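Structure first, commentary second.
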Amino acid sequence: MHRVVALVRPVQSTFELGCAAEVFGTPRPGLPQHYTFATCTQVPGPVPTTGGYTMSVPHGLDALDTADTVIVPGWLPVDEPLAGPVRRALLRAHARGARLAAICSGVFALARTGLLDGRTATTHRARADQLRRAYPRIRVEPHRRYVDHGDVATSAGAGAGLDLCLHLVRRDHGAAHAAALARHMAMAPHPDDDRTPYAPAPVPVSSGQALDGLLAWADERLGTPLSVEALAARLGVSPRTLARRFADQLGTSPGAWLLARRLAAARVLLEDTDLPVDAIAARVGLTSAVNLRRRFRARTGTTPGAYRQAFRTR
């Protein structure tokens, strides 16, 4: 069982901690439980939260010595120093192979360990300049929802923390399990793409509901020759209007969304079936094995065959 430990501190943000607890610590009927979840803090005991209540944290920093994943769910105020024992505990965990993940302002805690020096990281747009000034050796890219280096990961705004947590689940247990978990959490599907902007502009409720219906309709027809024009016709709008709605609500284009959904479906089939690559390409609407291989490599950096072998080996 993979052990996830969240490092909390006073005053702890409830939403960022809730992101990690929902993904890694909440049992869900019908889904296997692959993780255990716990919280720890430098001084065990009562920890005040931004929600106006105090939570009891029974574990100290020694809990990080047995963690497989350490989550830093926010760090407020962001200029709060990292105590020596906390820094040493994080570095010990990293040195023995635990992965460290920061949600939103939690990146400031990881930055103080030096583990992000020379690397790319993300955080909330409102704090990006502050992070750049304080840690010039970090390449800050606030437009990305999350950045994962394998051993260290960061997320943008608090909501992007859910995306990061689900991405880690996808890495550990495959796209199918992560998608099932997202559905159980009633989260709308989104492309497995950390570069999709995470803060779309608000839109009228009526158009949002219409687009949700279109996404579900398209998801059921990925194996058919869908086009952007067909999507626009289904919604009764012009391709230009459709593109504007996708940009406003999803931060991407209709074509990019459609390709991402087809590749996500291909990943599930590679994990769960023994279908040949050309058959998978036909099922997800990518026409040929050559096209699937090209698109798959561009998105994931590997081939469908290598992805299947790596997943089966894991």
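Values quoted throughout were computed directly from the atomic coordinates according to the rules given, and no laboratory measurement underlies them. Bear in mind the structure is a predicted one, so any value in this text is a computation, not a measurement. Quick reminder, even Gly has a Cβ in these numbers, built from the backbone with ideal geometry, and neighbours come from all protein chains shown.
Sites listed here are trypsin sites (Lys or Arg not before Pro) in the stretch 204-284 whose DSSP assignment is loop and whose Cβ has at most 15 other Cβ atoms within 10 Å: R221. The antiparallel fraction among DSSP beta bridges confined to the chain stands at about 25%. Just checking the listed ones, A186, A121, A279: in the Gaussian network model of the chain with Cα springs under 10 Å, the one fluctuating most is A186.
Shape call for the chain from the C-alpha gyration tensor, a ≥ b ≥ c root eigenvalues: rounded (a/c under 1.5), prolate (a/b greater than b/c) or oblate? Prolate shape, in that a/c is at least 1.5 and a/b is the bigger ratio. Using a Gaussian network model of the chain in which every pair of alpha carbons under 10 angstrom is joined by a spring, one finds that among R294, R125, R112 the greatest mean-square fluctuation is at R294. Backbone geometry of the stretch 292-304 corresponds, through the Karplus equation with coefficients 6.51, -1.76 and 1.60 at θ = phi - 60°, to 3J(HN,Hα) couplings of 4, 4, 5, 5, 5, 5, 4, 7, 10, x, 9, 8, x Hz, x marking Gly and Pro. Put simply, the amide H of V152, placed in the peptide plane, has neighbours under 5 Å in L100, leaving out anything fewer than 5 places away on its chain.
Here the Karplus relation 6.51 cos²θ - 1.76 cosθ + 1.60, evaluated at θ = phi - 60°, turns the backbone of the stretch 45-50 into coupling constants of x, x, 10, x, 10, 5 Hz, with x for every Gly and Pro. In units of the rule-of-thumb radius 2.2 N^0.38 Å, the stretch 2-175 shows an alpha carbon radius of gyration of 0.95. Exposure proxy shown here: for E80, E22, the number of other Cβ atoms within 10 Å sets the order, fewest to most, as E80, E22.
Work through the residues other than R96 whose Cβ is under 15 Å from its Cβ and net out their charges, Lys, Arg +1 and Asp, Glu -1. Neighbour charge sum, excluding R96 itself: 0.
Within the listed set T224, T41, T122, the Gaussian network model of the chain (springs between alpha-carbon atoms below 10 Å) gives the highest mean-square fluctuation for T224. Against the main long axis of the alpha-carbon atoms of the chain, helix 205-219 sits at an angle near 70°.
Amide hydrogen proximity for R139: with H placed 1.01 Å from N in the peptide plane, the residues at 5 or more positions away or on another chain lying under 5 Å are G118, R119, T120, A121. The distance linking the stretch 1-24 with the stretch 37-106 is 9 Å (Cα centroid to Cα centroid, whole angstrom).
Which loop-located GluC sites (Glu not before Pro) does the stretch 206-273 contain, where loop means any DSSP state but H, G, I, E or B and the Cβ has at most 13 other Cβ atoms within 10 Å? Of the GluC sites (Glu not before Pro), the ones in loops of the stretch 206-273 whose Cβ has at most 13 other Cβ atoms within 10 Å are E220. The helix-based estimate of mean residue ellipticity at 222 nm for the chain, built from -39,500 (n - 2.57) per DSSP H run of four or more residues and divided by its residue count, is -14000 deg cm²/dmol to the nearest 500. Rounded to the nearest 20 debye, the dipole size of the chain about its Cα centre is 780 debye, using +1 on the Cβ of Lys and Arg and -1 on the Cβ of Asp and Glu. Distances between placed amide hydrogens fall under 5 Å for A6 paired with A38, T39, C40, I71, all partners being 5 or more residues away or on another chain.
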